[in-house]
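K.L.:
Have a look at the structure that comes next, please.
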Amino acid sequence: GCLAQADRPSGAMSTALIDVVNMIKSCSDSEPNLKKLLTHLQGQEDLLVQHMPQLDEAAQALAPAQHTLGLVFILNCKGTAVPLSNPAAVQVFIGQCRRMLLGCDPEQVQMVAKLFVSVCTKFSAACLAAKAPLHAIRPLHHAVCALQPSLSHFTPLHAELLKVCLLSKCYSAAQPILDQELLHVDRDATLVTPRDLLLFHYYSGMIHTGLKRYQAALDAFTLAVTAPTHVLNAIMMESYKKALLCALIERGEPPQLPKYVSPTIARAIKNTIAPYTEFSDAFGKSELTIMRELLTKHQQVFEADHNLGLAKQCVPALMRRTIRRLTETYLTLSLSQIAELVGLENADAAERRVREMIISSEIHATIDQQKGVVHFLERPENYDSHEAVKLMEGALGGAISLAAKLQDLHSTLATDRHYLSRVSSQDRCHIQ
């Protein structure tokens, strides 16, 4: 039975702590017993604190897959007392958390979601204190999967995982999480908060930026900026600054805030980004010299926002955009003419830039090196190739899938009593 005595662990543990460990071992075999164990452990936190020096032995006596619930309580208690300035203690705590997170049982995790998130946050902080964010990636990925009721659920740990991927510059490790279609926000199940969602989109944008996927970055930053709120916060503000620069690089124009964004938010954003607006205006007018001057003038602002590198990318982006416009106007141009029109140093620089764009299929052209002339060609794609058909089928499939998800959401809302109650009260207000 649940309360039967298990084998007594050897070592220096007190009788009271041995009893807790034995109860964890004997009550982790079924859901009813786990519920009893949860109730019992909730009343034992003071005891765990009193026996802090012996918690290492208690944790070692438990197996992660079978005793996740007990380990979460022990590690959460220990995590509050680990001094981040003590490297040896931090390393011990990191090792204990890695062991638990890599072997934890999802069913037990979801019974103590709040404490589990707390342990993961403390584990992440310990890895950062040890200057080892890379060591947190795999355990946090396991933790995300364990906490998710389904693959489409947001959790507070999504943002934590992306943060350590960013700080370790291991962007590819974030790809499995970025590829998930996260559509469900269940505060009861995962304790996710609006701030968690904002940070997730912000970190997603930064990772896509690091991979030079500027459209994906723009989409992520836009999701952060357009969150439904009437109060502007720092995450939204920083997201808009990065969204603006990504939009210049990818589209050649600043992003337009959707109509559903609160006018208060829109005004607050415009009133606090004067250097970015000035830089964007120069880009829009193709004033390369002024852009370079503004990079120098506002260098401290861009550096303070960690956006200087992104702002500098806008200069070659404008050059490429100018060259693409030339292909729409001219059939032939000399390299020296291109250099003058684009703002490049000389014909050699123009040749390098044009060659890069030909290789990346941004433009279609041939270079006559003997004459120093570029011949611009028509785009060869007639959209009748096998690749074009596959691309179109993929886009159609995505649209059909999205329509089905919207229909599911509509059906869910149509039967949600909180939503119906709110709509009903709004209708009554309009009638009155």
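The values are calculated or read from the model by the stated rules, or taken from the named source; none is laboratory data. Every value quoted in this text rests on a predicted model; they were computed, and no experiment measured them. Note: ideal-geometry Cβ built from the backbone for every residue, glycine included; neighbour counts use all protein chains shown.
K.L.:
Can we say Ala243 is outside the structural domain of Leu218 (by TED's automatic domain parsing) and buried (at least 20 other Cβ atoms within 10 Å of the Cβ)? Talk me through it step by step, then tell me what you get.
P.N.:
Values: outside the structural domain of Leu218 (by TED's automatic domain parsing): no; buried (at least 20 other Cβ atoms within 10 Å of the Cβ): yes.
So Ala243 fails the test.
K.L.:
Could you pull out the residue among Leu157, Leu84, Leu102 that is in contact with a helix residue (DSSP H, G or I) (Cβ under 6 Å, 6 or more places away or on another chain), buried (at least 20 other Cβ atoms within 10 Å of the Cβ) and not assigned by TED's automatic domain parsing to the domain that holds Tyr202?
P.N.:
Working: Leu84 fails: buried (at least 20 other Cβ atoms within 10 Å of the Cβ); Leu102 fails: buried (at least 20 other Cβ atoms within 10 Å of the Cβ).
After applying the criteria, what remains is Leu157.
K.L.:
Okay, moving on. Just need a number here: residues in segment 381-411 that are modelled with pLDDT under 80 and of a type in the set (Ser, Thr, Tyr).
P.N.:
So the count comes out to 2.
K.L.:
So which of Glu287, Glu238 ends up being in the same structural domain as Val301 (by TED's automatic domain parsing), of a type in the set (D, E, K, R) and modelled with pLDDT of 95 or more?
P.N.:
Values: Glu287 fails: modelled with pLDDT of 95 or more.
Among Glu287, Glu238, only Glu238 is in the same structural domain as Val301 (by TED's automatic domain parsing), of a type in the set (D, E, K, R) and modelled with pLDDT of 95 or more.
K.L.:
In addition: Evaluate the following for Glu345: is it outside any helix (DSSP H, G or I), acidic (Asp, Glu) and either more than 28 Å from the chain's Cα centre (by Cα) or under 30 Å from Pro228 (Cβ atoms) (or both)? If you could, list the steps in order and put the result at the bottom.
P.N.:
On the way: outside any helix (DSSP H, G or I): yes; acidic (Asp, Glu): yes; either more than 28 Å from the chain's Cα centre (by Cα) or under 30 Å from Pro228 (Cβ atoms) (or both): yes.
Spelling it out, Glu345 is indeed outside any helix (DSSP H, G or I), acidic (Asp, Glu) and either more than 28 Å from the chain's Cα centre (by Cα) or under 30 Å from Pro228 (Cβ atoms) (or both).
K.L.:
Condition (residue is surrounded by 15 or more Cβ atoms within 10 Å (Cβ to Cβ) and within 13 Å of the chain's Cα centre (by Cα)) applied to segment 190-197: is it met by at least one residue? Don't jump to the end; show me each part of the working.
P.N.:
Step one: filter segment 190-197 for residues surrounded by 15 or more Cβ atoms within 10 Å (Cβ to Cβ), giving 190-192, 196-197.
Those still in the list that are within 13 Å of the chain's Cα centre (by Cα) too: 196-197.
Yes; the residues of segment 190-197 include at least one that is surrounded by 15 or more Cβ atoms within 10 Å (Cβ to Cβ) and within 13 Å of the chain's Cα centre (by Cα).
K.L.:
Kindly indicate which of Cys120, Cys145, Cys170 is within 16 Å of Phe73 (Cβ to Cβ) and of a type outside the set (Asp, Glu).
P.N.:
Residue meeting the stated conditions: Cys120.
K.L.:
As an exercise: evaluate Ala59 against (1) surrounded by fewer than 20 Cβ atoms within 10 Å (Cβ to Cβ); (2) within 19 Å of Met13 (Cβ to Cβ); (3) out of contact with any Pro (no Cβ under 8 Å at 6 or more places or on another chain) and give the number of the one condition it does not meet.
P.N.:
Checking Ala59 against (1) surrounded by fewer than 20 Cβ atoms within 10 Å (Cβ to Cβ); (2) within 19 Å of Met13 (Cβ to Cβ); (3) out of contact with any Pro (no Cβ under 8 Å at 6 or more places or on another chain), the one that fails is (1).
K.L.:
OK, next. If the Cβ limit is 8 Å and pairs must be 6+ apart or interchain, which residue in segment 248-266 that is not assigned by TED's automatic domain parsing to the domain that holds Lys285 pairs with which residue that is part of a helix (DSSP H, G or I)?
P.N.:
Note: no pairs meet the criteria.
K.L.:
Another question, if that's okay. Any residue in segment 308-319 that's in contact (Cβ under 8 Å) with a residue 24 or more places away in the chain and closer than 15 Å to His298 by Cβ: show its pairings with residues that are surrounded by 16 or more Cβ atoms within 10 Å (Cβ to Cβ) and of a type in the set (Phe, Trp, Tyr) at Cβ separation under 7 Å, as long as the two are six or more apart or on different chains.
P.N.:
Ala311/Phe279; Ala311/Phe302; Cys314/Phe283
K.L.:
Give me the pairs: first residue in segment 269-287 and within 14 Å of Ala247 (Cβ to Cβ) and touching a residue at least 12 places away in the same chain (Cβ under 8 Å), second residue crowded, with 19+ Cβ neighbours inside 10 Å and among the charged types (D, E, K, R), beta-carbon distance under 8 Å, and six or more apart or on different chains, which are they?
P.N.:
Ile273/Lys241; Tyr276/Lys241
K.L.:
Going through segment 47-93 one residue at a time, which ones are β-branched (Val, Ile, Thr) and in contact with a Cys (Cβ under 9 Å, 6 or more places away or on another chain)? Outline the logic, then answer.
P.N.:
At the first step, the residues of segment 47-93 found to be β-branched (Val, Ile, Thr) are 49, 68, 72, 74, 80, 82, 90, 92.
If the condition is that a residue be β-branched (Val, Ile, Thr) and in contact with a Cys (Cβ under 9 Å, 6 or more places away or on another chain), then Val49, Thr68, Val72, Val90 are the ones that fit.
K.L.:
Being touching a Leu at 6+ places or on another chain (Cβ under 6 Å) and not hydroxyl-bearing (Ser, Thr, Tyr) narrows it down to one residue among Ala113, Ala130, Ala89; which is it? Don't jump to the end; show me each part of the working.
P.N.:
Working: Ala130 fails: touching a Leu at 6+ places or on another chain (Cβ under 6 Å); Ala89 fails: touching a Leu at 6+ places or on another chain (Cβ under 6 Å).
Going through Ala113, Ala130, Ala89 in turn, the sole match is Ala113.
K.L.:
When you scan segment 188-195, do you find a residue that is modelled with pLDDT of 95 or more, among the hydrophobic types (A, V, I, L, M, F, W, C) and in contact with a helix residue (DSSP H, G or I) (Cβ under 8 Å, 6 or more places away or on another chain), even just one? Before you say what the answer is, go through the steps one by one.
P.N.:
Here is the first cut: in segment 188-195, the residues modelled with pLDDT of 95 or more are none.
No: segment 188-195 contains no residue that is modelled with pLDDT of 95 or more, among the hydrophobic types (A, V, I, L, M, F, W, C) and in contact with a helix residue (DSSP H, G or I) (Cβ under 8 Å, 6 or more places away or on another chain).
K.L.:
Still on this structure: In this structure, does Gly343 turn out to be within 29 Å of Gly210 (Cα to Cα) and assigned by TED's automatic domain parsing to the domain that holds Tyr240?
P.N.:
Criteria not met by Gly343.
K.L.:
Hey, any hits in segment 213-233 for a residue that's modelled with pLDDT under 95, within 21 Å of Leu128 (Cβ to Cβ) and assigned to a helix (DSSP H, G or I)?
P.N.:
Within segment 213-233, none of the residues are modelled with pLDDT under 95, within 21 Å of Leu128 (Cβ to Cβ) and assigned to a helix (DSSP H, G or I).
K.L.:
With the checklist (1) out of contact with any Pro (no Cβ under 8 Å at 6 or more places or on another chain); (2) buried (at least 20 other Cβ atoms within 10 Å of the Cβ) in hand, flag the one item Ser150 doesn't pass.
P.N.:
Every condition holds for Ser150 apart from (2).
K.L.:
With the requirement that a residue be in a helix (DSSP H, G or I), over 27 Å from the mean Cα position of the chain (by Cα) and either farther than 17 Å from Pro254 by Cβ or of a type outside the set (Gly, Ala, Ser) (or both), what does segment 282-308 give you? Steps first, answer last, please.
P.N.:
Let us first name the residues in segment 282-308 that are in a helix (DSSP H, G or I), namely 282-284, 288-297, 299-304, 308.
Checking the rest, the ones that are also over 27 Å from the mean Cα position of the chain (by Cα) come to 282-284, 288-297.
Answer for segment 282-308, where residues must be in a helix (DSSP H, G or I), over 27 Å from the mean Cα position of the chain (by Cα) and either farther than 17 Å from Pro254 by Cβ or of a type outside the set (Gly, Ala, Ser) (or both): Phe283, Leu288, Thr289, Ile290, Met291, Arg292, Glu293, Leu294, Leu295, Thr296, Lys297.
K.L.:
Out of Ile367, Ile358, which single residue is part of a helix (DSSP H, G or I), modelled with pLDDT of 90 or more and in contact with a strand residue (DSSP E or B) (Cβ under 8 Å, 6 or more places away or on another chain)? Reasoning before the result, please.
P.N.:
Details: Ile367 fails: part of a helix (DSSP H, G or I).
Sole residue among the options that is part of a helix (DSSP H, G or I), modelled with pLDDT of 90 or more and in contact with a strand residue (DSSP E or B) (Cβ under 8 Å, 6 or more places away or on another chain): Ile358.
K.L.:
Gln300 - would you say it is farther than 25 Å from Asp348 by Cα and modelled with pLDDT of 90 or more? So that I can check it myself, show each step before the final result.
P.N.:
On the way: farther than 25 Å from Asp348 by Cα: yes; modelled with pLDDT of 90 or more: yes.
When the stated conditions are applied, Gln300 passes them.
K.L.:
Does Leu295 fit the bill of being at pLDDT 90 or above, outside the structural domain of Lys241 (by TED's automatic domain parsing) and surrounded by 15 or more Cβ atoms within 10 Å (Cβ to Cβ)?
P.N.:
no
K.L.:
Of the conditions (1) of a type in the set (S, T, N, Q); (2) assigned to a helix (DSSP H, G or I); (3) modelled with pLDDT under 90, Gln256 satisfies every one except a single condition; which number is it?
P.N.:
(2)
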